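What follows is a single structure, written as structure tokens, with notes after it.
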Amino acid sequence: MTKTADAVIIGGGIVGASALYHLAALGLRNSVLLEKDGLASGSTGDSAAMVRQHYSNEVSIRLVKESLRFFQTFADEFDGAEVFNPLGWIFLCEPEAREAFDQNMAQLKSLGVRTWEISPEDASEEMPGLNTDGLGPVAFEPESGYADPRRSVDAIVRKAASLGAEIRTHTPATGLIVEGGRVSGVRTARGDISAPVVVNAAGPWAEVVAGWAGLSLPLEISREQDVVVRPPAGAPPLRRVVSNMVDRTYFRPEGEGLILAGVGHPKENEPADPDEYRREADDGFVEDTVRLLEHRLPRLAGADVVSSWAGLYTITPDWNMMVGAAPGIDGLYLAVGGSGHSFKLGPAIGKCLAEIIAEGRAATVDVTPLRPDRFDDDAPMRSTYGGNRA
Ligand SMILES: Cc1cc2nc3c(=O)[nH]c(=O)nc-3n(C[C@H](O)[C@H](O)[C@H](O)COP(=O)(O)OP(=O)(O)OC[C@H]3O[C@@H](n4cnc5c(N)ncnc54)[C@H](O)[C@@H]3O)c2cc1C
């Protein structure tokens, strides 16, 4: 028997979960989330999930402010679930970034972000033993931090279910039902679901889903690796989340005394097939990342590697998500192309998309600059440092 829903969301990552919850909160309670595997089994589950606010365009700053508020009040909204660690974020920049840094800091402050510049000496106090060679400006955000991505998705989806939404894990969408330029449902192996609204939040598989409606999306999939190390006994614990433009690394505390690290931009994309890519990190990546980490924090010399993995970035031509109505197909909406920095934006993006669907416009943040057809109109988003760095 065909089920009828208010909306079907394809994808159980942070974006799909947020869209589902906010749709239910806005009254579209009879909605269904389809996840082909387990919740957060795509990019979200592999994410470093760092939540910083240093962006260089207004829409991203407004979105990340809304997401930060979401994480700060998460436990109240989601039945006591504690998923956010507001440890503060430090941004180590190279001297050549001074001009862009100053512009960004001025804009961030004017939009109400709590951030200020600190000296390399202050940064050394935050991270005892910090090697300050090559450091230019350093930014500090006291309210930023990192989240637990899997527990975030679980709690959001559980709350959506309590409002009436249905969650179907291990249930791939296998096709879209499109008639006369309008989507009217989704096909699954367990039967069709009839719905006037369908959200494509399929992460690295978004282009496959869009293809069922005859759409082609300008997305590139790239492999992205992370490593977790155990510092040697006696090393001072890392207390902040850090993005390090100077050595192209990012690192943050993980669990009990461990450190999670990865390599940032600029770097080459590593094209990957989402159904068939190497999930283990490369030995060369692990060695290079640990070496760069120890160069900046020499007290980590001799750290043991605990674990490592590879996940996927889904990258748009301007490194910002595509959010809004799908061009030419009524009822189909896109929230795709996380571009390596959209765990933190996911909660706000899902909320804005839900507002567009339920109310005709996104009142929380005007996401028009992220509209999916911006590349056809030659109106890409601009950012200062390149890649996923803002
Ligand atoms: C190693 C790594 C580190 C990162 N670090 C950060 C960070 O520090 N901060 C940050 O903000 N961002 C970071 N990111 C990026 C961030 O994780 C992603 O932008 C974000 O998680 C994307 O979420 P999503 O919901 O769009 O996609 P996903 O999490 O990939 O969710 C899509 C889901 O759709 C499902 N799906 C696909 N096709 C179908 C189908 N046919 N039927 C049903 N379900 C389907 C998939 O199984 C998947 O679970 C990182 C990413 C990686 C890989």
Within the bounds of the stretch 299-306, is there any residue that is out of contact with any Asp or Glu (no Cβ under 6 Å at 6 or more places or on another chain), open to solvent by 10 Å² or more (accessible area, probe 1.4 Å) and within 24 Å of G42 (Cα to Cα)? yes
I'm told K267 meets every condition in (1) modelled with pLDDT of 95 or more; (2) not in a strand (DSSP E or B) except one. Can you identify the failing condition by its number? (1)
In the stretch 33-59, what count of residues is obtained for those that are part of a helix (DSSP H, G or I), out of contact with any strand residue (DSSP E or B) (no Cβ under 7 Å at 6 or more places or on another chain) and not acidic (D, E)? 3
Filter result (of a type in the set (D, E, K, R) and outside any loop (DSSP other than H, G, I, E, B)) within the stretch 360-390: D373, R374, R389
Which residues, counting only those in the stretch 22-45, are over 15 Å from T169 (Cβ atoms), open to solvent by less than 20 Å² (accessible area, probe 1.4 Å) and either outside the structural domain of V183 (by TED's automatic domain parsing) or within 6 Å of the ligand (Cβ to nearest atom) (or both)? none
Sole exception among (1) out of contact with any Pro (no Cβ under 9 Å at 6 or more places or on another chain); (2) over 24 Å from A139 (Cα atoms) for D247, by number: (2)
Taking the stretch 74-131 on its own, how many of its residues are crowded, with 17+ Cβ neighbours inside 10 Å, hydroxyl-bearing (S, T, Y) and over 15 Å from S144 (Cα atoms)? 0
Of all residues making up the stretch 362-390, the number that are hydrophobic (A, V, I, L, M, F, W, C) and under 20 Å from the mean Cα position of the chain (by Cα): 6
Which one is farthest from the ligand (Cβ to nearest atom) among residues in the stretch 155-177 that are touching a Ser or Thr at 6+ places or on another chain (Cβ under 7 Å) and open to solvent by 30 Å² or more (accessible area, probe 1.4 Å)? T174
Cβ pairs under 7 Å, 6+ apart or interchain, first in the stretch 189-211 and open to solvent by less than 10 Å² (accessible area, probe 1.4 Å), second basic (K, R) and not in a helix (DSSP H, G or I), ordered by first then second residue, are I193/K3
Does A19 qualify as being away from the ligand (no atom under 14 Å from the Cβ), closer than 16 Å to A155 by Cα and not polar (S, T, N, Q)? no
G214 - would you say it is modelled with pLDDT under 95, at positive phi and open to solvent by 50 Å² or more (accessible area, probe 1.4 Å)? no
Taking into account only those residues within the stretch 1-16 that are in contact with a Lys or Arg (Cβ under 9 Å, 6 or more places away or on another chain) and either more than 24 Å from W212 (Cα to Cα) or in a loop (DSSP other than H, G, I, E, B) (or both), which is farthest from the ligand (Cβ to nearest atom)? D6
Being within 15 Å of the ligand (Cβ to nearest atom), of a type in the set (S, T, N, Q) and more than 17 Å from G12 (Cα to Cα) narrows it down to one residue among S144, S152, S184, S119; which is it? S144
Exactly one of V197, V208 is modelled with pLDDT of 95 or more and more than 10 Å from the ligand (Cβ to nearest atom), and that one is V197
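The values are calculated or read from the model by the stated rules, or taken from the named source; none is laboratory data. Model, not experiment: these values are computed from the prediction. Methodologically, a virtual Cβ is constructed for each residue, glycine included, from the backbone with ideal geometry; neighbour enumeration extends over all protein chains shown. Accessible surface is based on the protein model in full, side chains and every heavy atom, while ligands, DNA and RNA are left aside. Shrake-Rupley method; radii C 1.70, N 1.55, O 1.52, S 1.80 Å.
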